[in-house]
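The values are calculated or read from the model by the stated rules, or taken from the named source; none is laboratory data. Just so you know, these numbers come straight off a predicted model, no measurement behind them. Here Cβ is always computed from backbone atoms with ideal geometry, including for glycine, and neighbour counts include all displayed protein chains. Side chains are part of the model used for accessible areas, which takes the heavy atoms of the whole protein and leaves out ligands, DNA and RNA. Shrake-Rupley method; radii C 1.70, N 1.55, O 1.52, S 1.80 Å.
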Amino acid sequence: MATECSVSVADPPTCEPHPHSPQSAVCPMCGMRGKAVTLQTVKAQAAISLRRLQLQPFWFCRSAACPVVYFSPVSGQTLTVDQVRERVYQKEPGCPDVLVCYCFQYRVGDIQLVSAAERAAVIADIKAGIAADQCACELRNPQGACCLGNVQRIAKQALSP
């Protein structure tokens, strides 16, 4: 469920489920079902003034054909690829120089264009970083979740003819 973070002068910041959050939402541009992300992820990725950001629940649009990265069905606000800090893997999945692992700085080409042994080493390195609590996927990765599934999917596709 999406969360809403609030801060008051007297109390520390809190994050609680937003009472008006729909359980699912579709991108207003492409109609694809979105994935809920935390407001913290959107704040970390936004390349616009945070004063302009509506403090409402946001969803991530995974469609490569759509320029929308985040959308809020509550406020109607969208953030496009030009309004986020990082290039988004899901928007450019075939581009070898786009990051797929934002915490450890692995690009699509670091997985697609190397030997099977090198791909295995990349996956092992990411797993070691996760085990050492060195990742911050919820902030660094635009999808707001761990990249390992994306990395493993690219590695598996690289094995296919």
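Seen from Pro67, the other residues with C-beta closer than 9 Å to its C-beta sum to a net charge of 0, counting Lys and Arg as +1 and Asp and Glu as -1.
Quick one: net charge of Cys27's neighbours, Cβ under 10 Å, K/R +1, D/E -1? Spelling it out: positives minus negatives among the neighbours equals +2. Applying 1/(1 + (r/R0)^6) with r as the Cβ-Cβ distance of Val26 and Val81 and R0 = 30 angstrom yields a FRET efficiency of 0.95. Full extension of the segment from Ala121 to Ala145, taken as 0.36 nm per residue of separation minus the current Cα-Cα distance, would add 6.5 nm.
Across the range 128-134, coupling constants 3J(HN,Hα) worked out from phi with the 6.51/-1.76/1.60 Karplus curve, θ = phi - 60°, read 5, x, 5, 5, 8, 6, 9 Hz, and Gly and Pro carry x.
Shape class of the range 117-161 from the alpha-carbon gyration tensor: oblate, with a/c at 1.5 or above and b/c at least as large as a/b. Judged by the gyration tensor of its Cα atoms, with axes a ≥ b ≥ c, the range 78-161 is oblate; a/c meets the 1.5 cut and b/c is at least as large as a/b. The Lys156 and Lys43 beta-carbon pair, evaluated with R₀ = 35 Å, returns a calculated FRET efficiency of approximately 0.60. Under a 5 Å amide H to amide H cut-off, with H placed in plane at 1.01 Å, what residues pair with Ala36 once short-range neighbours are removed? Those lying under 5 Å, H to H, from Ala36 are Phe60.
The orientation-averaged projection of the convex hull spanning the C-alpha atoms of the range 18-88 amounts to 4.3 square nanometres. With a simple spin-label model that places each label point 7 Å from the Cα along the Cα-to-Cβ direction, the separation between Lys35 and Ala132 comes to 2.5 nm. Only protein heavy atoms count here; under a 1.4 Å probe, Lys91 has an accessible surface of about 20 Å².
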